[in-house]
Every structure is written in C-alpha cells, then in structure tokens.
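The structure under discussion appears below in the form of structure tokens.
The values are calculated or read from the model by the stated rules, or taken from the named source; none is laboratory data. As the structure is a prediction and not an experimental result, all values here were calculated from the model. Cβ placement follows ideal geometry from the backbone for every residue including glycine, while neighbour counts extend to all protein chains displayed.
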Amino acid sequence: MKFFTALGAAALAAGALASQASAKDIVIGMMCDRTGPTSVTGTALCPGYHDYVNLYNKQGNMGECKINAHEIDHEYKVPAAVEAYQTYKAEDAVLISPYGTPMVYALVQKMAEDKIPGTSAGFGTALAGNGEAYPYMFPIAASYYSQAAAAVKFAKDKLGGSLKGKKIAYIYYDNPAGTEGIPVLEKLKPQEGYELRTFAVPAPGVEMGPQILDITRRYRADFVISHLFGRAPSVSLKEFKRAGYPLDKILGFVWAGSEGDIQAAGGNEAAEGYNTMHFAGVGQDYPVIQQIKDMYKANGKGDPDAMQYTAYYNRGVFQAAVHIKAIENAVKAKGSCDVTGEQVRDGFYQIKDFTLGGLLPPLQITKKDHEGGGWVRVFQVTKSGYKPVTEWYRDYRHEVSELLIEEIEKAAKK
C-alpha cells in the first residue's frame, strides 16, 4: 500500500504533505564489498538493494521524497569503512548500513554518538539485539546468537527429537563473527545434553582438510553446524563430500549457503542434501521480485544477472525494504522529507508484522528487540534448487535474551 493511501484520503493527504515538504533526496549510506574477500555476497546483495530502491522511487511511494542509496565499496576493510562513514555523515545520511561484522564493531559506538541508526542484517554483534544497550544498531534479522539457537533446534529435530549424548561439531571462520555462535551452543549444552567440539578455520578459509578429518573420523560428529563464509563454505562441502559425511547432517548459518557457494562446491547435485539457513526467502516466487522483473522489462531489459543468486539478492531487497519502511514511518510522522537519524530510529519501532509479501518472516521491531523476532527458515539443496524444509521458526528465545544480558553486563565491566 502506498504511504499516502495509508493516511486516509489519498489526494488530500498528498497535497497537505507536499505543501510542507521540500523535494530532496534522503540519503542512505550503503556500504558494500564488491571486490574483496566476501564479494560473492556483495555482487548479488548490493544490486538487490539498489533494485528495490529504484522500484520504490519509481512507484512514488513517498511523493517528493526520494531515496538516494550512496554505495561505497570498502572491500571488506575496516579503515575504508570508517572513511565511508565520514563521507555519509557529511552528506547528512539518516541511516547507514555497515557491511561486515568487523565494520560494525568499528562503527557502532560512533553511530550511537552521532545518533545515526544502522543495521546489521544477520551479522555484526549479537548484543545489538538488545535495543536498550544498543539504541542505534538494528540487526533486523536473526543474529548469530539466534542462528545458533535455531541450529540446535534443527539438529534436535533431525536427530529424532533428542540431543542427549549426541556429538555436535561447530566449524567456524576464525574471526569475531565466527566465534559469536559459541556462547549459545555452550549455554544450551547442559540443557540438551549434547557433546560439543569447536573447529576453527583460519582465514581465508580455503584449507580445512585437517578440521574435516577431525570432525568425521576422530570426533565422529552426529551433526555439524557450519558458520563459514566467503570462499570457505564451498571448500567445506567439497571436503565433507570427499570424507563421505552425509550432507543432510550439516546445517550452514546464513552466509554459508548461497547459489554461488553451491556452484563453487560442484553444483546442486554435488551439494544435494545440504541444509542452509536463511533470514529472507530464496527463489523468485515473491511478488516484489516479480515487480522488479517487470520494472526491467518495462525498460526493455532482461532480468539482472545478480537476480539468479537469490539467496543474497533477496537479502539486498530485504534490507532496502526495511530501511525504507523505517524512513517512510519517520516521514509520515513528521510530514516532511527533512527527517533526522533519530526520527528514522523511531521509525524502526513502528515496523510490525512486515513480510513484504512473504519474502520476510513476520518482522516486528521493538525498543527491546532490535532483531525483529530472530526468525529463520531452513532450505535444503536439491538437484533442481532449494527446497524449504521448515517454516519460519525460532527457539530458545529466553536463553538467547538471558545470554544477551549476561554478555552486555560483562562488556560493561571491562
């Protein structure tokens, strides 16, 4: 529904708002990695972001207010991200979208001081899920804490409803993002009765034969939770396949299961059975994706190449839609395009049951819960593509919330 329509009498409301607003761009600072170590993600996700912004602007959903998504490729480097932040701040960006966990750690405090909201969809510090401690950072999707909790639930169901006495392996990229799942797995271990061993994969994640050998031959894991990204997921799948480990006993976190990862692992047939976790739908069977296709068609163009990598492309659409929804709420509340970062922050709190036609889970953001509920959905790789094997779900919410408070208190004492 268009923004003005939601106000009631569409024409009258549009006229009233136009008299108050000045025609101007509303700047979003959009960081990306198109040429660095996670370019497999950025080259699909960032085009999806821009396509949704273009669709939204074309539809005129905020009248004279136009969204300007200013992208800077930081190549997954923290100094470049800090420099980009200063550029966005000088442009009066009302929202900044960091890209990458190290970048969130570098910027989160500064963004709070400057009262500029940002998001870290499915990455960054899990502690930002607690909005009372992190008032200007919004994960807007399942954090690594919530992903770990959901992975335990999935493994439990996969192994017959009980994890008592089962051996769980956690293989992870050895950096701050990779280690974030460990506290949740440790916290749930006594409750569920499983054994846990962790296996670190050093950067750049292209050699892990010894770790896979330990998991499959020495430890003999009953189930593997994989928190790898960049080039590492495809390498791990090849190694697990070579070791004869059943891929349907592996669940990858949200950055370990894109079409690019599957292709690099040898294709769908080679990766058949592998379970992948997502915080936005995969595939193209969503109304908003069809609208973007129609937009290209109306301009005499075919579908963009990035759209075939739906796992990441759709997340770009997801992030843009949530960002613009928060801005739209702020513009509606003020009756003007001239909104501030603080007003956009408050706009996030008006997001409730936002699904974008089924592409998203029922997102609801509150002052306490900046994750929006911590929902995920698991899709399994088949010879013909992805097959959903769960509905949107979440689990161990009490334990995750409890752990957030514990870790925030620890951090405050340092």
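The figures follow:
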{"quantity": "Test for Asp261: is it in the same structural domain as Ala155 (by TED's automatic domain parsing), charged (D, E, K, R), more than 19 Å from Pro176 (Cα to Cα) and surrounded by 20 or more Cβ atoms within 10 Å (Cβ to Cβ)", "calculated": "yes"}
{"quantity": "Meets criteria (of a type in the set (Lys, Arg) and either in contact with a helix residue (DSSP H, G or I) (Cβ under 6 Å, 6 or more places away or on another chain) or without any contact (Cβ under 8 Å) to a residue 60 or more places away in the chain (or both)) for Arg231", "calculated": "no"}
{"quantity": "Among the candidates Gly267, Gly281, Gly273, Gly260, residue that is free of Cβ contacts under 8 Å to residues at least 24 places away in the same chain and either touching a strand residue (DSSP E or B) at 6+ places or on another chain (Cβ under 9 Å) or closer than 30 Å to Gly48 by Cα (or both)", "calculated": "Gly267"}
{"quantity": "Residue match in region 389-399 (condition: in a helix (DSSP H, G or I), of a type in the set (Phe, Trp, Tyr) and under 28 Å from Gly42 (Cα atoms))", "calculated": "no"}
{"quantity": "Any hit, region 188-196, residues being surrounded by 24 or more Cβ atoms within 10 Å (Cβ to Cβ) and part of a helix (DSSP H, G or I)", "calculated": "yes"}
{"quantity": "From the options Lys166, Lys158, residue that is over 28 Å from the mean Cα position of the chain (by Cα) and either more than 26 Å from Glu402 (Cβ to Cβ) or at pLDDT 95 or above (or both)", "calculated": "Lys166"}
{"quantity": "Those residues of region 224-248 which are closer than 15 Å to Glu259 by Cα and not in a helix (DSSP H, G or I), in sequence order", "calculated": "Leu228, Phe229, Gly230, Arg231"}
{"quantity": "Output for region 370-380, where each listed residue is in a strand (DSSP E or B) and within 16 Å of the chain's Cα centre (by Cα)", "calculated": "Val376, Arg377, Val378, Phe379"}
{"quantity": "Where Cys65 falls short, out of the listed (1) under 21 Å from the mean Cα position of the chain (by Cα); (2) crowded, with 19+ Cβ neighbours inside 10 Å; (3) of a type outside the set (Lys, Arg)", "calculated": "(1)"}
